[in-house]
Every structure is written in C-alpha cells, then in structure tokens.
Amino acid sequence: MASVTMRNIRKVYDNTVEVIKGVDLEVQDGEFMVFVGPSGCGKSTMMRMIAGLEDITDGELLIGDRVANDLPPVDRGVAMVFQSYALYPHMTVAENMGFGLKLAGSSKAEIAEIVGKAAEILHITNLLDRRPKALSGGQRQRVAIGRAIVRKPGVFLFDEPLSNLDANLRVQMRVELTKLHKELGSTMIYVTHDQTEAMTMGDRIAVFNRGIVEQVGPPMELYHNPVNTFVAEFLGSPKMNLLPIKWTRNGDEACIEVGGCTIPWNGNGHGPLGSVSDDLLLGVRPEHFDVFDSGDTNGSIAAKVEVAERLGDIVLLYLKVPGIEQTLAVKVPEEGHLWQRGATVTLRPRDKTAMLFTKAGPRVS
Ligand code: ADP
C-alpha cells in the first residue's frame with residue numbers, strides 16, 4: 001500500500017496546451033479517492049501521469065515516499081484497470097490473470113495460488129478455464145481487475161472501468177468495487193465523469209474542472225458545502241437550482257426577491273452583503289423546497305408545472321417561474337397527487353439549506 005502525493009503538477013502538450021494547471025493533492029494510504037469532472041477536464045491525464053504512461057511537465061509526484069516522476073511504470077507499484085478490458089483472447093481467464101506473474105518468473109504453483117485467491121475474492125473461480133469470448137462484460141471486467149490484484153500493487157488506478165457495462169451491472173460492480181476496497185484495504189484512485197459513482201464510492205472526491213481541482217473532500221461534505229457553483233451543480237441529480245435574487249427589507253427583516261416574490265431570508269449572508277451586492281444566486285437543491293398547492297403566494301415563489309416525472313418513490317417536478325429563465329427542478333414525495341401540467345404551485349426554499357453564490361461562482365454563504 002502507498003500514498004500518492006501530487007505537488008503542483010502541470011501537464012502541457014506540445015509546449016502549448018496546458019491541460020493540468022497545477023494540481024496539489026494527497027491521496028492517503030488505503031484511501032479510495034475519486035477524480036470526477038466533465039469530459040476533457042484532465043482527470044485521465046492526471047491518472048496516466050501517476051501510472052507513468054504520460055510525462056509530467058512540472059511539479060512533483062510521490063508514490064509512498066519515493067519521487068516517482070522519472071520512474072518507469074513497472075517500478076511504481078501501481079496497477080491500472082481501463083474501460084476496455086484488453087484481455088488476451090487466446091488465453092483462459094487463469095492465464096490472463098497470471099500472465100504478468102509468469103513474465104516476472106513466478107513458478108506455476110505460486111501463480112496458481114495467487115490467481116486462485118484473487119479469483120475467490122472476485123467470485124470468478126468457476127470461470128478460470130474459460131476464454132474471454134465466453135464471458136459477459138461484467139465478468140471480463142472482473143478478470144481485468146483480477147489481473148491487477150495478482151500484482152499486489154501499492155496503488156490501484158481505475159480509469160472509467162464501468163463505462164462499458166449496462167446500468168444494472170454498473171450498480172452491481174460499484175458495490176463490489178467498494179467491498180473489494182474494504183477487503184484489500186489498498187489505495188485506490190478512480191476516474192469517472194459520473195457523479196453518482198463519485199458520491200457512492202469515494203472516501204473522498206476531487207472535483208476536476210479545466211485542469212484544476214475545484215474542491216476535495218468526503219462526498220457529503222462537498223454535497224452540503226460546495227465552495228462554488230461548479231461543484232454545487234456537478235454533484236447531485238437533477239443539479240442544484242441557481243436563481244438570481246435581489247436583497248430587500250420588510251421592516252427589520254432581511255428578505256430576498258426571487259421570481260417576483262419576496263421571501264423572508266433567515267439564512268446566512270444577508271448582513272453586510274445585502275448592501276454591497278445584488279449580483280447573487282440562490283442555490284437550492286431539488287429536495288430542499290417545500291411545495292404547496294396554489295393558494296396564498298405571500299412569501300413564496302409562484303410556479304407553473306411544466307412536466308411531472310413520476311419515478312415511483314418521488315415525483316420530479318419541472319417548474320417555470322415568471323421572470324426566471326431556467327426551469328426549476330423540484331423533488332416531492334409521491335403521494336398520489338396529480339401535479340397537472342399547467343397547474344400553479346407555490347414553493348418555499350428551506351432557508352437553512354439554501355446557499356448564496358456570486359454570479360462569478362464562489363460561495364458567499
Ligand atoms: P478527461 O479524462 O477528463 O476526459 P483527458 O485527461 O483525457 O480528460 O483530456 C484532457 C484534455 O487534454 C482534453 O482537452 C484533451 O483533448 C487533451 N489531450 C489529451 N491528450 C492529448 C494529447 N496527446 N495532445 C494534446 N491534447 C491532449
């Protein structure tokens with residue numbers, strides 16, 4: 001096992017394209033760290049630099065306490081599992097898993113023992129004599145993971161390993177990888193663009209955006225305390241609603257104007273901010289609204305139902321608020337309510353959970 005430390009790492013392609021712009025990050029020994037971000041933000045490049053498949057332009061990479069910048073991939077003690085399984089078609093599962101050990105000169109008995117143990121962990125003992133073409137996608141991915149396990153790496157690197165699987169299998173493999181991490185206790189770094197995988201699997205998440213890390217922390221901390229609109233919108237589905245507001249007062253009471261309605265604001269941020277900046281966005285997650293049938297709109301936002309998606313346990317309402325461009329997403333419990341298209345409802349953000357951001361992105365309360 002090993003920690004991985006990135007110190008001001010940069011990657012510039014062809015002397016011009018800077019795709020990693022100074023990343024500082026420490027993955028602790030035994031930690032499950034997820035690199036998450038939209039496609040093209042640099043997370044695979046960062047992982048390939050850790051694996052030694054890509055040169056590091058600037059900065060320092062430590063694996064354990066060794067500087068690894070110039071170490072060849074085989075000497076880094078890392079094993080990588082890709083989206084494509086890259087199994088040898090003419091070899092059995094056992095041969096595929098043991099191939100690296102064979103090259104390294106291990107004896108047949110040793111290989112059989114190590115492969116047998118890895119197969120047990122992955123529940124593929126019954127598949128050891130099959131060839132890859134006789135396996136399902138999920139089984140192939142397990143073999144690819146097995147091939148990494150037998151090398152007993154200090155660090156596992158997973159690059160979008162579940163992207164080729166169907167939705168059910170992805171959920172199943174997600175759970176199995178989490179169990180595998182608990183069982184092996186190894187350091188794992190996992191790259192994905194899927195926020196659900198990040199939220200459910202990571203001990204901590206590093207949110208990447210355009211070559212920088214916006215925020216690092218445990219999933220729920222990032223969910224409840226995002227530092228800016230990028231992190232706030234990236235984690236959570238549907239994404240956080242961001243509504244333009246104006247400050248106002250009702251006597252001594254601080255209020256916000258949103259969607260043509262004036263709402264008392266008991267949350268943070270109304271003190272001095274009220275007088276200096278109107279240029280703010282109110283961030284409310286879809287599950288953090290109280291929704292009422294139309295009626296008294298005093299102190300609430302009036303909205304029209306555009307679409308109601310019934311998901312079984314909850315209903316996702318997509319709502320239009322006069323004067324606000326974007327559609328609001330709101331989650332309400334499924335209680336047999338009709339939520340007719342075109343009906344008017346009133347909404348009230350729960351002020352203890354709502355957040356304020358500047359339009360430029362940073363959180364102010
Ligand atoms: P992600 O894994 O987040 O989808 P990547 O790390 O694969 O993103 O890519 C980050 C950026 O680097 C992308 O804009 C991509 O086009 C660019 N890039 C990747 N490889 C090269 C290369 N060999 N030369 C130039 N640009 C590259």
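The values are calculated or read from the model by the stated rules, or taken from the named source; none is laboratory data. Nothing here was measured: the structure is a model prediction, and the numbers come from that model. Cβ sites come from the backbone with ideal geometry, for glycine too, and all protein chains shown count toward neighbours.
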message: Residues to consider are Asp194, Asp203; find the one that is surrounded by fewer than 18 Cβ atoms within 10 Å (Cβ to Cβ), within 16 Å of the ligand (Cβ to nearest atom) and of a type in the set (D, E, K, R).
response: Asp194
message: Among the residues of region 230-238, are any of a type in the set (D, E, K, R) and touching a residue at least 40 places away in the same chain (Cβ under 8 Å)?
response: no
message: Just to confirm my filter: which strands (runs of 3 or more DSSP E) fall fully inside region 251-365 and include at least 3 residues that are more than 23 Å from Ser237 (Cα to Cα) and at pLDDT below 90?
response: 253-258, 261-264
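Being assigned by TED's automatic domain parsing to the domain that holds Leu135 and modelled with pLDDT of 90 or more: is that true of Asp203 here?
Taking the combined requirement at face value, the residue satisfies it.
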query: Mind checking whether some residue in region 211-222 is assigned by TED's automatic domain parsing to the domain that holds Val36, more than 28 Å from Arg350 (Cβ to Cβ) and not hydrophobic (A, V, I, L, M, F, W, C)?
result: yes
message: Suppose we filter Ser163, Ser106 for residues that are assigned by TED's automatic domain parsing to the domain that holds Gln195, among the hydroxyl-bearing types (Ser, Thr, Tyr) and under 17 Å from Gln83 (Cβ atoms); which single one remains?
response: Ser163
- prompt: Of the conditions (1) out of contact with any Gly (no Cβ under 8 Å at 6 or more places or on another chain); (2) surrounded by fewer than 17 Cβ atoms within 10 Å (Cβ to Cβ), Thr92 fails just one. Which one is it?
  reply: (2)
Matching residues in region 207-228 - criterion: being over 21 Å from Met355 (Cβ atoms) and assigned to a strand (DSSP E or B): Phe208, Ile212
- prompt: Taking the condition under 19 Å from the mean Cα position of the chain (by Cα), of a type in the set (S, T, N, Q), surrounded by fewer than 19 Cβ atoms within 10 Å (Cβ to Cβ) and more than 15 Å from Gly154 (Cα to Cα), does Ser39 pass?
  reply: yes
query: Across region 102-160, what is the number of residues that are under 30 Å from Gly42 (Cβ atoms) and touching an Asp or Glu at 6+ places or on another chain (Cβ under 7 Å)?
result: 0
field: Condition met for Met220 (modelled with pLDDT of 95 or more and exposed (fewer than 13 other Cβ atoms within 10 Å of the Cβ))
entry: yes
